[in-house]
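These notes concern the structure reproduced below.
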C-alpha cells in the first residue's frame, strides 16, 4: 500500500473514504461523519464475491444496493464520489480502495453485533484498524431504542 496519501499533508479529513453496507448504514454513517466537516468524501461499497463459490447476492442486486447507498451518502454530502469494489476480502478491498482514491483517512461506523457474530466475521473492525496504513476513524454509534438492552 502506498504511503503518499493525503494524511501525510496533515489534513486528516481532507479526503475520507466511507465504507457503507446498505442504504440505512450509509445514511447513519454519513450523519455521524457530518459534524466533523470532511473536505471530500468517497463512499465505498464492497460487493462480496465468492471466488469459486456462489455469491452471497446476485451482482445486479449488489450494484443496486450500492447505488442506493451512494444516494443516501449524497443526501448528507452532495459532492461525494462513489467507488465500488468487488472482492471476497472486504477489509482488503477497503484498504485497496483507500489507496486507489488516495484517501487521507477511512471513517466507518461499527455495525455492532454480538461477540459470536464478530468472531464468525473475523472481526472486520479489528482487521481494518490494525492493517491500515492511514488513520481509521471509528465514528460514534447512536443507539436507537431498539438497540438498547
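The values are calculated or read from the model by the stated rules, or taken from the named source; none is laboratory data. What you see is a predicted model; the values in this text were computed from it and never measured. Reconstructed Cβ throughout: ideal geometry from the backbone, glycine too, with neighbour counts over all protein chains shown.
Summary of values
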| quantity | calculated |
| --- | --- |
| Yes/no for residue 66 being outside any loop (DSSP other than H, G, I, E, B), buried (at least 16 other Cβ atoms within 10 Å of the Cβ) and at pLDDT 80 or above | yes |
| Those residues of the range 24-49 which are modelled with pLDDT under 95 and under 15 Å from residue 85 (Cβ atoms), in sequence order | 46, 47, 48, 49 |
| Subset of the range 125-149 [at pLDDT 85 or above and either surrounded by 14 or more Cβ atoms within 10 Å (Cβ to Cβ) or in contact with a helix residue (DSSP H, G or I) (Cβ under 7 Å, 6 or more places away or on another chain) (or both)] | 127, 128, 129, 131, 132, 134, 135, 136, 137, 138, 139, 140 |
| Members of the range 91-115 that are part of a loop (DSSP other than H, G, I, E, B), at pLDDT below 95 and buried (at least 21 other Cβ atoms within 10 Å of the Cβ) | 109 |
| Failed item, numbered, when residue 82 is tested on (1) modelled with pLDDT under 95; (2) farther than 19 Å from residue 127 by Cα; (3) part of a strand (DSSP E or B) | (1) |
| Residue 21 modelled with pLDDT of 95 or more and on the phi < 0 side of the Ramachandran plot | no |
| Hey, residue 60 assigned to a strand (DSSP E or B) and modelled with pLDDT under 95 or not | no |
